[in-house]
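The values are calculated or read from the model by the stated rules, or taken from the named source; none is laboratory data. Because the structure is a prediction, the values reported are computed rather than measured. Note: ideal-geometry Cβ built from the backbone for every residue, glycine included; neighbour counts use all protein chains shown. Remember, those area values only see protein heavy atoms, side chains included, never the ligands or the DNA or RNA. Shrake-Rupley method; radii C 1.70, N 1.55, O 1.52, S 1.80 Å.
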Amino acid sequence: AVFGLLFFVFYQRIGKPLDHLVSILKEHIAGDENPIEPLHFPNDIGPLLYSIEILLKSLSMQIQESDSEHDTLVSVINRITDGIVIINDKGEVSSLNPAAESMFNITAENAQGHTVAEVLRHHQWIELHRFCQESDIESSKTLEIPSQNIILQGIAVPLGESLPGYILMVFQDL
């Protein structure tokens, strides 16, 4: 009987609030916009639950803002008429916009994960990327491509501290 009483007291003071905390976390993980409100417990766990709930709400709002900013940036990049190619620290294409797809006659799906040489297919662009990567200095080259009847200026920009080793390459049809 004493053990049962101790278990009941322990559950009321510790177990029940922890169960509630787990349910709050499960609601947030599931993406519920209106998570359950913390109950008021007569011990020190109630304020802890409330603090965790506030932190989770704040984190959820920050994620929503970040997603919105990402969507805006992707929308802008996709509408730019200059070709944009982002190359990761391994020398592989991470992403490119529709203008770059058109300039280099490749889809984003086929380009991602492939090397600069495989995607851009001109030694001048490979050299431009390599120079920028090794020197960590913005640089540019102009290249006439008679088969496409275009003159492209390529600009390679190291993305520095925000994305170490990554290079942004912008191609302008002159």
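Given C-alpha coordinates of the stretch 48-93, what is the ratio Rg to Rh with the Kirkwood estimate of Rh?
1.28
Once you place label points 7 Å from the Cα toward the Cβ at residue 121 and residue 161, how far apart are they in nm?
About 4.0 nm separates the two model spin labels.
Read phi for every residue in the stretch 162-172 and hand back ³J(HN,Hα) as whole Hz from Karplus 6.51 cos²θ - 1.76 cosθ + 1.60, θ = phi - 60°, with x for Gly and Pro.
Karplus-based 3J(HN,Hα) across the stretch 162-172 equals 5, 9, x, x, 7, 10, 9, 10, 10, 10, 10 Hz.
Run the quick spin-label model on residue 144 and residue 23: label points 7 Å from Cα toward the beta carbon, then report their separation in nm to one decimal.
Modelled inter-label distance: 7.5 nm.
Using per-residue counts of other Cβ atoms within 10 Å, averaged over each peptide, order 57-66, 95-104, 153-162 from highest down. Provide the component values of the computation, followed by the final result.
Numbers: 57-66: 11.0, 95-104: 19.6, 153-162: 14.7.
Put in order of decreasing packing, that is 95-104, 153-162, 57-66.
Given a 1.4 Å probe, how much area per residue of the stretch 135-174 is accessible, in Å²?
Accessible surface, normalised per residue, equals 59 Å².
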